[in-house]
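Below is one structure, written out as structure tokens, with a few remarks after it.
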Amino acid sequence: MAVMPIIISQSLDTSKHIMEIVNQIIIITSLQYPHQTFWMISMLLSTIEITISVKKDANKRIMELLKKTIIESSKSNNIKGQIMNIVLQQMCTLLNQLPILVPEIIEKNSSTRSSTIIKSSTFNLPNVMKTTTNWNIIVPNLDYLLPSLPPSGLTDINWETYNEQLILIHSFSNNVITMNSQARPKKITCIGNNGETYSFLVKREIRGDMRKDQRTMEICAVINRLFNINSEARKRNIKLLTYSVIPINERVAIVQWVEKVETLRKLIIETHLFDIEAFGDSTKIIDRTNILRTDLQSIQLEYNEKKINEIQLSKKFIYEILQYSPIVFHKWFERNWITSSQWIESRSLYTRSYAAWSMVGFMLALGDRHLENIMIHTNTGECVNIDFDCLFDKAKSFKVPEQVPFRLTRNIIDGFGICGIEGVFRRSCEIVLHILRENKDVILNTLHSFVYDPLIDHNMMQSFIIQQSSYNCYANEDIHVTRAPSDQQLNKEAEAAKTCLYNVKLRLNGHVAVRKPNYPCPVYDSTSIALSVQGQVQQLIDQATEINALSKMFPGWMPFL
């Protein structure tokens, strides 16, 4: 079950041999663990909004296979087949109802939220979900979907993979909350058969692919297992806070709602606003951030129009932007935790978790880390990231390409305490990067699912790939795929995915993107010298805090906070 995502990614394979293996695994797991398996293969059960013909064929093939298995089981009075039939019918019903909550949005102008037109204004819970009770479907929380593996790593027939006491959905609450964001996701709540409530976000991506979020969470689960078997990471409680993401199709997914988290932007603004009110100043910090963003945009326009050079851009960024930007995040920890022991524990957990996300984000070339995509758990201080659409250097192909490997702005560092990047943060980065590099084969094998069932936007990535071609980054490509998808578009996406995975391999071998003349952002050079773990961490920190790079970041990213 732990490798199920990789197996499912090969469901598009047209090779008869591989197809038979995949089919057999799905049959066995569906009979043994139908409640967990059907959530994992949810995209293969959905019949709506599947746009690629190869995927439609795969879905049809899997459904026919499952129905055939149910018929054969009923002939032999197999109780497992009967349970599988009930779960499958209810799961298909639910998966076809959930997208109704998030109707498509037509974009008139992506730059403003008010420019979107919603096709339907009805967001009531579908009747089937309103009236049905006692669902034979497990609550799709990550804790109930992830298998428990033997500590030895060896096969143990007596090991209990899942708790026998299943937490099933009893009913859905009629209260559906529309979240205030451009995509208008819906927060739904279900009541489990244990009496507890569980919340989820039904989200439709306008341009992205929700399967990226699912795959990223799967990779993070693998990395957490690597942390657990490493003594240095285990004694420091280094881990990635994860949650379940279950795609229904390429655009719609169910996302587990993480309780008691707030965006980093909200915490910084509220902390500074508290200071302002304490001193009797009526200035609104939200207005100041907007002013700073506008000022940065004006400075960058001068640079783009060749009115100022890079040195002048950096100086203006320091004296006209950073000088008026608050550094207050350390005060949030002081006010949130009263005792010194709680304060140091929460700050340490924040620092270590942020270091882990920074190194994993670097490995995956994760971009778009603005202040709304980084969240903090208000009970523990732990960091959690959301929205993983900009993987594999996609952010470098934007109109304003990203310049830094991860976010390490002044308020982020301020939360680390008086030592800043030294001490806990640097050491945690080194431990995490050492684990990633030591287990690079495991990670690359996990990432191969991006090639078998590619999610890379070939057209978006093409310009970035061309930028690097002069450095011959991909001449020694040695990542092999067992077959190429028969669909032409999937072929292009698979080739782009192989290129992106080669960059991941470069990073895991100690390489860092470097600045080259006449290039808008750092690029990878496979001929450069591989760095040690300590050297790679040092160069990454230098790049992430470089004033010249931060001054060129998109103003909405708010590099000054």
Checklist entry - Which of rounded, prolate, oblate describes segment 262-427, given a ≥ b ≥ c as roots of the alpha-carbon gyration tensor eigenvalues and a/c under 1.5 marking rounded, otherwise prolate only if a/b is larger than b/c? => result oblate
Item to check | Where segment 262-427 is the region considered: accessible area per residue in Å², 1.4 Å probe | outcome: 45 Å²
Checklist entry - What's the carbon and sulfur percent of segment 262-427's accessible surface, probe 1.4 angstrom, rounded to a whole number? => result 54 percent
Next on the checklist: What number comes out for accessible area per residue over segment 176-224 if the probe is 1.4 Å? Units Å², please.
Outcome noted: 34 Å²
Item to check | At R0 = 45 Å, FRET efficiency that the Cβ-Cβ distance of K260 and S298 yields, to 0.05 | outcome: 0.70
Checklist entry - How do R211, R335 stack up against each other in accessible area, from largest to smallest, with a 1.4 angstrom probe? => result R335, R211
Checklist entry - Too long at a 29 Å Cα-Cα cut-off: which of K186/K396; K16/K396; K315/K396? => result K186/K396; K16/K396
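The values are calculated or read from the model by the stated rules, or taken from the named source; none is laboratory data. What you see is a predicted model; the values in this text were computed from it and never measured. All Cβ positions, glycine included, derive from the backbone under ideal geometry; neighbour counts span all protein chains shown. The accessibility values were calculated without ligands, DNA or RNA, using every heavy atom of the protein model including side chains. Shrake-Rupley method; radii C 1.70, N 1.55, O 1.52, S 1.80 Å.
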